[in-house]
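Engineer: First the structure, which I've put down as structure tokens, then a few questions once you've had a look.
Throughout, read-outs are computed from the coordinates displayed, never taken from laboratory work. Worth saying up front: this structure is predicted, and the values here are computed from it rather than measured. A quick note on method: Cβ atoms are made from the backbone with ideal geometry, for glycine too, and the neighbour counts reach across all protein chains shown.
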Amino acid sequence: MKAICDRFLPSKCSSSSADEKSDKSPTSLVSDSEPYREASTSKHKPVCTTHNGWTVILETASMASGAIRRFQERVLGPSRTGISSSTSDIWLLGVCYKISESESSEEADAGRVLAAFKQDFSSLILMTYRRGFEPIGDTTYTSDVNWGCMLRSGQMLFAQALLFQRLGRSWRKKDSEPPEGEYLKILELFGDCEASAFSIHNLILVGESYGLAAGSWVGPYAVCRSWESLARKKREETDVKHHSFSMAVHIVSGSEDGERGGAPILCIEEVTKSCLEFSEGETEWTPILLLVPLVLGLDKVNPRYIPSLIATFTFPQSLGILGGKPGASTYIVGVQEDKGFYLDPHDVQQVVTVKKENQDVDTSSYHCNTIRYVPLESLDPSLALGFYCRDKDDFDDFCNRATKLAGDSNGAPLFTVTQSHRTNDYGIAETSTEEISGEEHEDDWQLL
């Protein structure tokens, strides 16, 4: 509301001058596929509020809020918030919250387990649309409203990986205490300027070859490849001991010759190679972020994959899912039964400058207390999975879990695991899509 009031209440009655070229982002959302540019700062009539000014402001704010809500409901479906009365387990990025029947009653909010879940959820880092940042490259874009949701979703996943690596999975944000310096350093990396290593400015710059451009919406595959390129670029700019992003990034996709059908393949030899390249030969293994872009159907996710998608959230290495509805990405961080809990990047917020030296900075806009969920069956089939493995033992555990999951998938694995592409040693994880027959079970795979 404050941002809207600031926008529509002039500080003085006069024509706009060069000094008044402030951000003029529209307050209504039409579609992520219909980006906007900043409003022209050419000559226009003076604006002066002579009477009933606050009435106009409040009416405008109400209309803007309603427009945003209507957009979200049209694209993401009617807003679903809160936690249901179900007693089923909740999984949040590898952590299980077991809810007893008594805690699913009317006193659910007071339940110890539910309280712990809410604290965990609100401690996750949120990235949303921002307005008022420096122009992206040579463009006039000073906001990513209507087109940047997939980029923001990717930022959330990467920020979570850094948070888990540097502060641990058990870290929780404490509003009553000054923020940790390491936490502020992570947020600083994702600031909205070229000086911040993982800003959307830099992501778009390195992602041009994958179709990234200011004002254009992109899918999960292009974003994953762009993050891989950005992490590599930042590694090359600094010595290995002072990397902004202190882990290797590996994309799990199809086989090199592109002739094998079926699920993407996680090749252990290639992951080891990625670690060696990241450490510049100094060590055989480094922390690694695995990204698995998938297309699991045509118009919506094939129901056969949903049990496996749910199961990935039980992995201790889970970093969730980049996905949502067509043209409207979200970051899915947890599941309960057939629902996916998510962080929504579609809220529009003013730019906040975070510096590790400033412990008084307000970081509330980087967190969310509203728990939203979406039916998993309604997800767009184009999505990406993320996993963080802190060391070799953690990676081996991940491979064992992934192999078992593929073997239990009834012929519809999300991805498979192999030691090498040069051998036929695919073990129980090898599953061809030829095994899946029948029109009702026809899978629409797209190798990435």
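Engineer: For D347 and T363 in the same chain, what is the full-extension length gain: residue separation times 0.36 nm, less their Cα-Cα distance, in nm? Provide the component values of the computation, followed by the final result.
Structural biologist: Details: separation 16, 0.36 × 16 = 5.76 nm, distance 1.52 nm.
Full extension from D347 to T363 adds 4.2 nm.
Engineer: Just order 413-419, 195-201 by mean Cβ neighbour count inside 10 Å, highest at the front, would you?
Structural biologist: Highest to lowest by the protection proxy: 413-419, 195-201.
Engineer: Counting only other residues whose beta carbon sits under 14 Å from that of R225, what net charge do I get with K and R as +1, D and E as -1? Don't skip to the answer; put the middle values down first.
Structural biologist: Values: positive: R232, K233; negative: E208, E228.
Surrounding charge for R225 is 0.
Engineer: Treat each spin label as a single point 7 Å out from the Cα along the C-beta direction, and report the E337 to D396 distance in nm.
Structural biologist: Each label point is offset 7 Å from its Cα along the Cβ direction, giving 4.0 nm.
Engineer: Apply the Debye scattering formula to the stretch 126-259, with a single equal point scatterer on each alpha-carbon and no solvent, then give log10 I(q)/I(0) at q = 0.16 Å⁻¹.
Structural biologist: Per q value, in the given order, log10 I(q)/I(0) is -0.86.
Engineer: Ranked from highest to lowest mean number of other Cβ atoms within 10 Å per residue, what is the order of the peptides 396-404, 376-384, 152-160?
Structural biologist: Packing proxy ranking, top to bottom: 152-160, 376-384, 396-404.
Engineer: Quote the FRET efficiency, to the nearest 0.05, computed for T370 versus E236 with a Förster distance R0 of 35 Å and r equal to the Cβ-Cβ distance. Before the final figure, lay out the partial values.
Structural biologist: Values: r = 40 Å, r/R0 = 1.13.
For R0 = 35 Å, the calculated efficiency reads 0.30.
Engineer: Given K173/K392; K233/K404; K118/K173, which pairs have Cα atoms separated by over 23 Å? Each step should come with its number before you reach the end.
Structural biologist: Numbers: K173/K392 29 Å; K233/K404 35 Å; K118/K173 11 Å.
Distance filter (> 23 Å) returns K173/K392; K233/K404.
Engineer: Quick one: which residues, 5 or more positions from Q350 or on another chain, have an amide H under 5 Å from its amide H? H modelled 1.01 Å from N in the peptide plane, none for Pro or chain starts.
Structural biologist: HN-HN under 5 Å from Q350: R131.
Engineer: Could you please tell me the mean projected area of the C-alpha convex hull for the stretch 330-383, averaged over all directions and given in square nanometres to one decimal?
Structural biologist: Value for the stretch 330-383: 5.2 nm².
Engineer: Okay, moving on. Quick check: net charge around I310, other residues with Cβ under 14 Å of its Cβ, Lys/Arg +1 and Asp/Glu -1? Don't jump to the answer; show the numbers that get you there.
Structural biologist: Numbers: positive: R304, K339, R401; negative: D89, E337, D338, E377, D408.
Counting the neighbours of I310, the net charge comes to -2.
Engineer: If you don't mind, another one. Given an 8 Å cut-off on Cα distances and at least 6 residues of separation, report the relative contact order of the stretch 249-351 as a percent. Walk me through the numbers before you get to the answer.
Structural biologist: Values: 102 pairs, mean separation 16.6, N = 103.
This gives 16 percent for the stretch 249-351.
Engineer: Output wanted: per-residue J couplings in Hz (rounded whole) for the stretch 164-179, from phi through Karplus 6.51 cos²θ - 1.76 cosθ + 1.60, θ = phi - 60°, x for Gly and Pro.
Structural biologist: 5, 5, 8, 10, x, 5, 7, 5, 9, 6, 10, 5, 7, 10, x, x
Engineer: Per 5 Å bin, what is the whole-percent P(r) computed from every C-alpha pair distance within the stretch 289-412?
Structural biologist: 2, 10, 18, 20, 17, 14, 10, 6, 3, 1, 0
Engineer: So for the pair D175, E277, with labels modelled 7 Å out along Cα→Cβ, what separation do we get in nm?
Structural biologist: For D175 paired with E277, the spin-label model returns 4.5 nm.
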